[in-house]
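The next block holds one structure in the form of structure tokens; read it before the comments.
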Amino acid sequence: MNTPFVYGRIAEKENFTDREQEQEQLFQSLSGSVNTVIISPRRWGKTSLVNKVAQRLVTDKSVRICQVDIFNCRTEEQFYRAYAAAILKANATVWEDFITSARKYLGRLLPSVTLVDMIQTYELSFGLEFKNNEMSYDEILDLPQTICKDAGRRMVVCIDEFQNINEYDETLAFQRKLRSHWQLHTDVCYCLYGSKRHMLLDIFNNYSMPFYKFGNIMFLQKIERTEWVKFIRRRFADTGKKISDELSGIIADRMKNHPYYTQQLSQQVWLRTASEVTEEIVDDAFRSLIGQLSLLFSNLIDSLTSRQIRFLQAVADGVTNFSSRDVLMHYQLGTSANIKNLKKAAIEKDLIDILPGQHIELQDPAFEYWLTRVYAGKH
Ligand SMILES: Nc1ncnc2c1ncn2[C@@H]1O[C@H](COP(=O)(O)OP(=O)(O)O)[C@@H](O)[C@H]1O
Ligand SMILES: [Mg+2]
């Protein structure tokens, strides 16, 4: 049976809600060839948003969209492979096209295009044999522009989890190279997005870095409570079940409007409901979800020092002034000089997010609940 809520997958069609303004803004930027950077914590909806706008952009037949996720690309070499394959795939309509264009555009670099398995997807079956020289990498970077010129079209290249390039050896040289090529591409527009705010801001907002002022920066927000209430009510109704606005609101509140978790909790509630949702069902679903996650959270806690844990507890309690002596004493955080390191470690582990105005928040609302209610009760 199809359930009316999705999480951990792209939200599209009837599963996609809201984001009207963001869609419009992104659509205008990309169709106007303005490079755009999108930043938000994981699971807030970047990939879904870009996908949604991409579908609108391709209704213009002279535009091609390339979407490539570089999450698994740990080196420059892997980046170039994934990149070349994605660019070719975006410009080919069928397999034969793909192979023809691979030969045409990468022919000099590729003694052979290895077809491992015709049935599988392009990425899996496309074995690239690069001669490992600078020249071929330059050509790959220029590939979108070369194809666009040739075919008289425009292209939007979307790169997901872009912050990963920060971890490549010689990342600065790599970034310089990307920037110097991309700024000459008159027919290609770049949409770069990812979830590590601090890393992305280092890349795009630091005037000594190559990507400084590369394009618009968009900070994607969570989806608002009123939108969740409408969405949850509609998805229950679509499947012949009922939920009040009050209880829909409670679902969103419990998850602090976090897109992934709000969908997940809604799903748990939906599965437990025969015809109409009650408060007990919502409570039960929430408890069970926290229960399911607690092993994960315990493991996470085990990987932290006790001072790091107390720092997170302080953040969960809403502490803002970490230089206060009372706070340092109460949470046993040592001297105020430690705070910088504690923050840094928590940011690097993706546990907290520092919002504009230095406000600190735990990224994961379920973890926050678990830490303050379940864990705290036992320690
Ligand atoms: N516009 C949306 N409408 C409804 N749910 C959404 C929306 N955007 C994201 N979600 C929920 O959040 C989850 C994560 O979305 P995703 O686009 O993968 O986020 P990100 O790329 O930021 O990690 C989705 O699986 C879905 O449950
Ligand atoms: Mg994503």
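Brief remarks follow.
- Residues located in segment 184-207, provided they are more than 16 Å from ligand 2 (Cβ to nearest atom) and either hydrophobic (A, V, I, L, M, F, W, C) or at pLDDT below 95 (or both): LEU184, VAL188, CYS189, HIS198, LEU201, ASP202, ILE203, PHE204, ASN205, ASN206, TYR207
- Which numbered condition LEU200 fails, given (1) touching a strand residue (DSSP E or B) at 6+ places or on another chain (Cβ under 7 Å); (2) surrounded by fewer than 19 Cβ atoms within 10 Å (Cβ to Cβ): (2)
- Filtered by the rule that a residue be in a loop (DSSP other than H, G, I, E, B) and among the small types (Gly, Ala, Ser), segment 341-361 gives a lone residue, GLY357.
Results for (1) polar (S, T, N, Q); (2) assigned by TED's automatic domain parsing to the domain that holds VAL157, shown as yes or no for each residue.
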site: ILE10; (1), (2): no, no
site: GLU24; (1), (2): no, yes
site: SER31; (1), (2): yes, yes
site: THR36; (1), (2): yes, yes
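- Count - residues of segment 14-66 that are aromatic (Phe, Trp, Tyr), more than 7 Å from ligand 1 (Cβ to nearest atom) and in contact with a Pro (Cβ under 8 Å, 6 or more places away or on another chain): 0
- In segment 151-185, the residue that is surrounded by the most Cβ atoms within 10 Å (Cβ to Cβ) out of those that are in a helix (DSSP H, G or I) and within 16 Å of ligand 1 (Cβ to nearest atom) is PHE162.
- Hits in segment 39-76 (condition: more than 10 Å from ligand 2 (Cβ to nearest atom) and within 10 Å of the chain's Cα centre (by Cα)): ILE39, PRO41
- Selection status of ILE99, away from ligand 1 (no atom under 15 Å from the Cβ), over 16 Å from GLU161 (Cβ atoms), in contact with a Cys (Cβ under 6 Å, 6 or more places away or on another chain) and modelled with pLDDT under 95: no
- Counting the residues of segment 210-227 that are touching a helix residue (DSSP H, G or I) at 6+ places or on another chain (Cβ under 6 Å) and without any contact (Cβ under 8 Å) to a residue 60 or more places away in the chain gives 3.
- Filtering GLY334, GLY318, GLY357, GLY377 for residues that are of a type outside the set (Ser, Thr, Tyr) and under 21 Å from LEU201 (Cβ atoms) leaves a single hit, GLY357.
- Within segment 186-214, being outside any loop (DSSP other than H, G, I, E, B) and among the hydrophobic types (A, V, I, L, M, F, W, C) holds for VAL188, CYS189, CYS191, LEU192, MET199, LEU200, LEU201, ILE203, PHE204.
- Helices (runs of 4 or more DSSP H) fully within segment 251-340 counting 2 or more residues that are under 29 Å from GLN221 (Cβ atoms) and either assigned by TED's automatic domain parsing to the domain that holds TYR369 or aromatic (Phe, Trp, Tyr) (or both): 259-272, 279-302, 306-316
- Selection status of ILE347, surrounded by 14 or more Cβ atoms within 10 Å (Cβ to Cβ), under 23 Å from LEU200 (Cβ atoms) and in contact (Cβ under 8 Å) with a residue 60 or more places away in the chain: yes
- Among the residues making up segment 45-68, a single one is polar (S, T, N, Q) and in a strand (DSSP E or B): GLN67.
- Residue in segment 33-40 that is touching a helix residue (DSSP H, G or I) at 6+ places or on another chain (Cβ under 7 Å), at pLDDT below 95 and in a loop (DSSP other than H, G, I, E, B) present: yes
The values are calculated or read from the model by the stated rules, or taken from the named source; none is laboratory data. These numbers come from a predicted model, not from an experiment. Because the Cβ atoms are built from the backbone with ideal geometry, glycine has one as well, and the counts that use them run over all protein chains shown.
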